[in-house]
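I have placed the structure first, in the form of structure tokens, so that the comments after it can refer back to it.
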Amino acid sequence: MNFLDKLNRIVLAAERAFLTILFSVMILLSFFQVVLRNFFSVGLVWADPFLRLSVLWLGFIGASLATQYDKHIRIDLVGRFLSARAASAVSVLTGLFSTVVCVLLAEASWTFVANEIDFHDTIFAIAGFDVPSWWAQLILPVGFGLMSLRLFFRSAGTAIDLVKGGKNATEGPGERP
Amino acid sequence: MTGTVLTGILLLALAFLGSPLFAVIGAAALAAFHFAGIDSSAIIVELFRIANAPTLLAIPLFTFAGYMLAESRTPSRLIGLSQALLGWIPGGVAVVTLVSCAVFTAFTGASGVTIIALGGLLYPILTEQRYSERFSLGLLTTSGSLGLLFPPSLPLILYGMVASNTRMIGGGVPDVSIDKLFVAGILPGILLVVLLSAYSIRKNAGSGTIPFSFAAALRALRRSAWEVPLPFIILFGIYGGYFTATEAASVTVVYVLIVEVFVYGDLTLRKDIPRIMGESLLLVGAILIILGCAMGLTNYLIDEQIPMKLFEFVRSFVTSKAAFLVLLNLFLIVVGMMMDIFSAIIVVVPLIIPIATAYGIHPVHLGIIFLTNLEIGYLTPPVGLNLFISSYRFDKSIPEVLRSVVPFFVLLLLALVLVTYIPELSTFLVDRLGVR
């Protein structure tokens, strides 16, 4: 698991850096648009679609991080009434279920992107360069893929700890964000 | 048919066992499309459509602004100001609590952060002024979600986005927009604060007060001089026609960033800001992934005319609008007991809008009814978020917290009845100001 752990840390650092940069660009760009529109009555044509698609990227990477830190929205009910061991066992079950769903959605996303590559659609143009739609859509399979990997390794780790009866079995997915 | 029912039961069980809701909803969409013989990539086509929503950008921007405010010393300045202005009223510290929490929650979107950020500061003040422990606990627990009817709260934005993506029976688009919702929530929101304040004043007439001093008020005002204009910038910006709700979000982020980093120096640009960005985007990601997965499912339900069938079913035993509203509120209270506000909006609104509008309920009024119910849901077991945050923050047992919120809960129910049966509370300002 050591190698995977290291890999996960690298991906995590890359995700966080990417989020910070993308979100900063978005804040500046959207503010710039407001200024342009209000004071000069002009605007960048590509800025609005770019910003909306960027929210999708923010959302998917944010969701991938939420998977890492176990921050997804859930009905937090059963855990309160179970022993620590039973709660871990249930979390393995729900984790594996979520893994399967993410794999299927990643596959569906990939089919979607592959279709779009064949269509040669463009989504907006920056400085005369037409951005192909599938560039923007690539985050969907990547996001679901990252989530399924994280869910799988977390559930597998919890399952191994449970079987070993290790004292760490009840601990969360590592440090907080 | 049995396959559908079995899948439904299995998914509900997995949801109650604590599976992430986006996975449950995604699985429901996968199953529905599979049974209908449609390729699963159609779910993704629908999911990708959320990138068309013009107000999508407002979600990460307002969330980030709210998190910055929560991490700065804004809570303490806000309390200082309301104390200086309202502390002289008998029972005034309770009013201070209600007002400052409501304002703060409007900006932080009722994600539970109010009790953490303000509760710790207000609890000692309440105790010092001889408010009973039980009253203080109930007050703070209730205040944790008070104000989610005020702009620019995240639940209002999300309701607006989800609602404008639904279709009424017959195919029309419901007459709802974020600009309208921002105005619609103001009077009902004030009603909640006034009702709770009146009770608090009555209950604590003998408690300590903070004498009013003009100098102190001026000092507090000067201290928060940069934060006080914020709600007005947003409201006048939008309704003065200077910018859209999304643009207002952008202006808010830049304004808050400059004020907290460069004017007050509460947050550092290199350390705090990237960390707060990351934290706020966790919540944004968690909400958007549910929204995305629900797009496919919603589309399937509309194609199968499920809202229409539900409406015909309901109509067979509920004929009047008034009776339907009773049923609606009971249903929403149960939803609020089980689900958090964001998932509830995403999952339930597409089903409710066609039915409620068929009974002649205005979709903006419906939104305010919906959010008031879900606000009550923060206080109801088994999953009421405020109960648990409060129990954790003030180190009290859940039964203790539950007992403390009972009078407030009853008052909120009363307010819900008023909001439900006086639609003008929600629509008067919208009509009067001619908001589109």
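We did not get these values from a lab; they are worked out from the coordinates using the rules stated. Note that the structure is a prediction, hence the values are computed from the model and not measured. Cβ: placed from backbone, ideal geometry, glycine included. Neighbour counts: every protein chain shown.
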When the Cα centres of segment B:34-53 and segment B:224-298 are compared, how far apart do they sit, in Å? 30
Greater than 28 Å apart at Cα, pairs in A:K164/B:K396; A:K164/B:K271; B:K203/B:K396; A:K6/B:K271; A:K6/A:K164; B:K180/B:K321: A:K164/B:K396; A:K164/B:K271
Name the shape class, rounded, prolate or oblate, that the alpha-carbon gyration tensor gives for the protein assembly as shown, where a ≥ b ≥ c are the square roots of its eigenvalues, rounded holds for a/c under 1.5, and otherwise prolate holds if a/b is larger than b/c and oblate otherwise. rounded
Label points 7 Å out from Cα along the Cβ direction at B:D39 and B:S316: separation in nm? 3.9
Can you tell me how segment B:273-425 classifies by the Cα gyration tensor, rounded, prolate or oblate, using a/c under 1.5 as the rounded cut? oblate
The local net charge around B:A53, scoring Lys/Arg +1 and Asp/Glu -1 for residues other than B:A53 whose Cβ lies under 12 Å from its Cβ, equals +1
Explain nothing, just the number: dipole magnitude of chain B about its Cα centre with +1 on each Lys and Arg Cβ and -1 on each Asp and Glu Cβ, in debye rounded to the nearest 20. 880
Measure nothing but the geometry: give the 0 to 90° angle between the long axis through the Cα atoms of B:229-239 and the longest principal axis through the Cα atoms of chain B, rounded to 10°. 40
Using Cα pairs closer than 8 Å and at least 6 residues apart in sequence, work out the relative contact order for chain B, in percent. 26
What is the angle, in °, between the Cα long axis of helix B:21-35 and the longest principal axis of the Cα atoms in chain B? Nearest 10 is fine, range 0 to 90. 10
Would you list, by chain and number, the aspartates and glutamates whose Cα falls below 15 Å from the Cα of A:K71, excluding same-chain residues fewer than 8 positions away? A:E171, A:E175, B:E279, B:D340
Length gained, A:D70-A:V131, 0.36 nm per residue minus C-alpha separation, equals 18.5 nm
If you place +1 on the Cβ of every Lys and Arg and -1 on the Cβ of every Asp and Glu, how big does the dipole about the Cα centre of segment B:102-235 come out, in debye to the nearest 20? 280
Would you work out if segment B:137-276 is rounded, prolate or oblate? Take a ≥ b ≥ c from the square roots of the eigenvalues of the alpha-carbon gyration tensor; rounded if a/c is under 1.5, else prolate when a/b is larger than b/c, oblate otherwise. oblate
What is the Rg over Rh value, at two decimals, for chain B, using alpha-carbon atoms and the Kirkwood definition of Rh? 0.97
